[in-house]
Amino acid sequence: MWILFAFGSALFAGLTSILAKCGIKNTDSNAATAIRTIIVLIFSWIMVFLVGAQHGIGSVSAKTWTFLILSGLATGASWLCYFRALQIGDVDKVVPVDKSSAILSILLAFLFLHESISPLKLLCVVLIGAGTYLMITKKETSSENSGKKGWSWFFYALGSAVFASLTSILGKIGIQDVNSNLGTAIRTAVVLVMAWIVVFVTGKQDTVKNIDRKSWLFLILSGFATGGSWLCYYRALQTGPASVVVPIDKLSILVTIAFSYIVFHEKLSLKSGTGLLLIVVGTLALLI
């Protein structure tokens with residue numbers, strides 16, 4: 001079942017990227033992240049009460065609280081980087097860099113969770129890495145896009161990948177002794193606090209009242225998609241190996257690339273298409 005949950009996470013995560021891209025076009029990325037997190041938190045706690053997991057909050061150990069909070073902080077940092085990258089970069093460039101967190105997750109799972117790394121898994125890491133490199137190779141751009149922000153999206157996307165990999169490992173440890181829905185809800189509360197702190201520190205709280213209806217709609221839908229992705233993802237992590245669950249989740253890139261073509265008309269070059277193929281083959285080979 002953890003494989004099905006992992007693929008469900010990938011589907012919802014792919015939708016999240018596109019809906020969020022639409023929602024942050026005319027909105028500050030930090031404020032948008034904070035708003036989305038409110039939706040995710042509500043969605044998460046509704047699921048907690050539906051499955052009756054709220055009664056387990058009193059029995060959560062200090063160790064579990066610590067790792068869930070650390071995982072939430074890492075998630076918040078990853079989101080802030082990711083949605084800033086989405087705001088200033090192309091979806092078909094940002095997403096592959098973010099999804100490269102699968103490589104670091106595999107290495108961290110080996111170091112801290114003692115999950116094995118076979119020769120096949122190493123080959124998969126190479127394929128995913130090579131595919132990511134091909135997909136982010138700078139394409140010909142107009143002078144409009146080749147200014148100061150030409151590569152700034154990359155550093156935000158890279159930061160997102162690093163924090164996302166830490167999120168996976170910390171989350172894996174944190175949900176071992178707690179219901180996955182409850183663990184997700186607790187982590188989301190941490191992300192919400194962190195996101196709004198950033199909004200007020202950067203003085204962007206006044207931008208919320210300027211968000212138009214269309215952006216609100218996409219931000220809310222994005223929040224629901226994220227909630228669905230998280231619930232599936234941490235349910236999969238609870239029973240499946242992190243070194244396999246994380247890469248499967250990263251297959252959301254297929255959903256994202258497909259919708260970025262339909263919605264934003266972002267086309268893949270032959271090189272990018274080859275890179276995408278390598279990422280998919282490397283990820284699916286992890287299931288062998």
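The values are calculated or read from the model by the stated rules, or taken from the named source; none is laboratory data. In this text, all values refer to a predicted model and were calculated from it rather than measured experimentally. Positions of Cβ are backbone-derived with ideal geometry, glycine not excepted, and every protein chain shown enters the neighbour counts. What goes into the accessible areas is simple: the full protein's heavy atoms, side chains included, and nothing from ligands, DNA or RNA. Shrake-Rupley method; radii C 1.70, N 1.55, O 1.52, S 1.80 Å.
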Expressed per residue, the solvent accessible area of region 1-102 in Å² (1.4 Å probe) is about 36 Å²
Taking a ≥ b ≥ c as the square roots of the Cα gyration tensor eigenvalues, with a/c under 1.5 meaning rounded and otherwise prolate when a/b beats b/c or oblate if not, region 174-276 comes out oblate
Note to self: with every protein chain in place and a 1.4 Å probe, region 170-288 gives an accessible area per residue in Å² of 43 Å²
On the accessible surface of the chain, probed at 1.4 Å with all protein chains in place, carbon and sulfur together account for a percent value of 69 percent
Packing-ranked peptide list from 164-170, 175-181, highest mean Cβ count within 10 angstrom first, is 164-170, 175-181
Once phi for every residue in region 205-220 is put through the Karplus expression 6.51 cos²θ - 1.76 cosθ + 1.60 (θ = phi - 60°), the whole-Hz ³J(HN,Hα) values, with Gly and Pro written as x, are 5, 6, 6, 4, 5, 9, 6, 7, 4, 4, 5, 4, 4, 5, 5, 5
Applied in sequence order to region 242-259, the curve 6.51 cos²θ - 1.76 cosθ + 1.60 (Karplus, θ = phi - 60°) yields integer Hz couplings, x standing for Gly and Pro, of 4, 5, 10, 4, 4, x, 4, 4, 6, 5, 4, 4, 5, 5, 5, 4, 4, 6
Taking a crude spin-label model, label points 7 Å out from Cα along the C-beta direction, the GLN205 to LEU4 distance in nm is 4.5 nm
Applied in sequence order to region 281-286, the curve 6.51 cos²θ - 1.76 cosθ + 1.60 (Karplus, θ = phi - 60°) yields integer Hz couplings, x standing for Gly and Pro, of 4, x, 5, 5, 5, 5
Residue separation between THR274 and PHE110 times 0.36 nm, minus their alpha-carbon distance, gives in nm 56.2 nm
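Are any of the pairs LYS21/LYS172; LYS172/LYS250; LYS99/LYS209; LYS25/LYS209; LYS93/LYS250; LYS25/LYS204 more than 21 Å apart by Cα-Cα distance, and if so, which? Walk me through the numbers before you get to the answer.
Values: LYS21/LYS172 28 Å; LYS172/LYS250 16 Å; LYS99/LYS209 33 Å; LYS25/LYS209 15 Å; LYS93/LYS250 14 Å; LYS25/LYS204 15 Å.
Violating the 21 Å Cα-Cα cut-off are LYS21/LYS172; LYS99/LYS209.
Percent relative contact order of region 1-151, based on C-alpha pairs within less than 8 angstrom and at least six residues apart? Let's see the in-between values first.
Details: 47 pairs, mean separation 39.5, N = 151.
RCO, region 1-151: 26 percent.
Would you calculate a helix-derived [θ] at 222 nm for the chain, using -39,500 (n - 2.57) for each DSSP H run of n ≥ 4 and dividing by the full residue count, to the nearest 500?
Details: 12 runs with 219 residues, N = 288.
Result for the chain: -26000 deg cm²/dmol, rounded to the nearest 500.
Given the peptides 184-194, 112-122, arrange them by the average over their residues of other C-beta atoms within 10 Å, most packed first. Don't skip to the end; give the middle numbers.
Numbers: 184-194: 23.5, 112-122: 12.3.
Taking the mean over residues of other Cβ atoms within 10 Å, the ranking is 184-194, 112-122.
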Per its Cα gyration tensor (rounded if a/c is under 1.5, else prolate when a/b beats b/c, else oblate), the chain is best filed as oblate
The distance between the Cα centres of region 240-255 and region 155-184, in whole Å, is 13 Å
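SER118 to LYS63: FRET efficiency via 1/(1 + (r/R0)^6), r the Cβ-Cβ distance, R0 30 Å, to the nearest 0.05?
On the way: r = 30 Å, r/R0 = 1.00.
Result of the calculation: an efficiency of 0.50.
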Scoring the chain by relative contact order with C-alpha pairs under 8 Å, at least six apart, yields a percentage of 45 percent
Gyration tensor on Cα atoms of region 1-104, a ≥ b ≥ c root eigenvalues, a/c under 1.5 rounded, else prolate if a/b beats b/c, else oblate, says prolate
